[in-house]
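Input: a single structure, listed below in structure tokens.
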Amino acid sequence: MVVVVALDMLKAIGEPGSPMEYLAFATLGVMDSIGAYLAFAALGVMGPIGAYFALKPVLALRTTIEAIASALARFGGLDAVCAPGDARISRARVNYFDLANLLMTQALSVPLYAVWSSLNIIPPFEDIVSAREYLIGLSKTVGVEGQREDNSRRGEDIEKALRLRGSVTL
């Protein structure tokens, strides 16, 4: 567009070397530099915005995984030390169930999940689904007599699925 305007100005001038010709070329140079500045400004704004919307769900998922690790550590020995009906058991059940749902919600909100997973930034989606199943199972059986070994196994399976380091004893 800028080039067309400058060429039209040159056609209207008709005389080579006239002041209008210099004005036309100066206009062409200024218009090109303004266009370049606008393009770089647009890229400068769109880059961080795109990174924000791409990275924010990944960081939220990793925060949820950290919260799951914290809950496993906090409520890990509940089966061994609590009597049925203890308030901590109901808190643990609600916490595990809420974390299971939050984990799946966060995983579904990540754009291009397979790419992030292939870079080993987040666990594979199948592992997220299995960790959710184990968390729901744990929310139903924590504090139930005779389920201590199963709950311990579920905790270990959650650790493996979410690639949590260290061991949490349930």
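Since every read-out is calculated from the coordinates, none of them should be taken as a lab result. These numbers were taken from a predicted model, which means no experiment stands behind them. Heads up, the Cβs are rebuilt from the backbone with ideal geometry, glycines too, and the neighbour counts pull from every protein chain shown.
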Note: I121 to R163 extended length (0.36 nm per residue) minus current alpha-carbon separation gives 14.0 nm
Each label sits 7 Å from Cα toward the beta-carbon; between D150 and I49 the label points are separated, in nm, by 5.2 nm
Quick calc: nm separation of the 7 Å Cα→Cβ label points for L108 and T63 -> 2.0 nm
Here the residues of region 97-115 lying in the modelled label zone of E133, meaning backbone nitrogen under 18 Å from a point 7 Å along Cα-to-Cβ, are 97, 100-105, 107-108
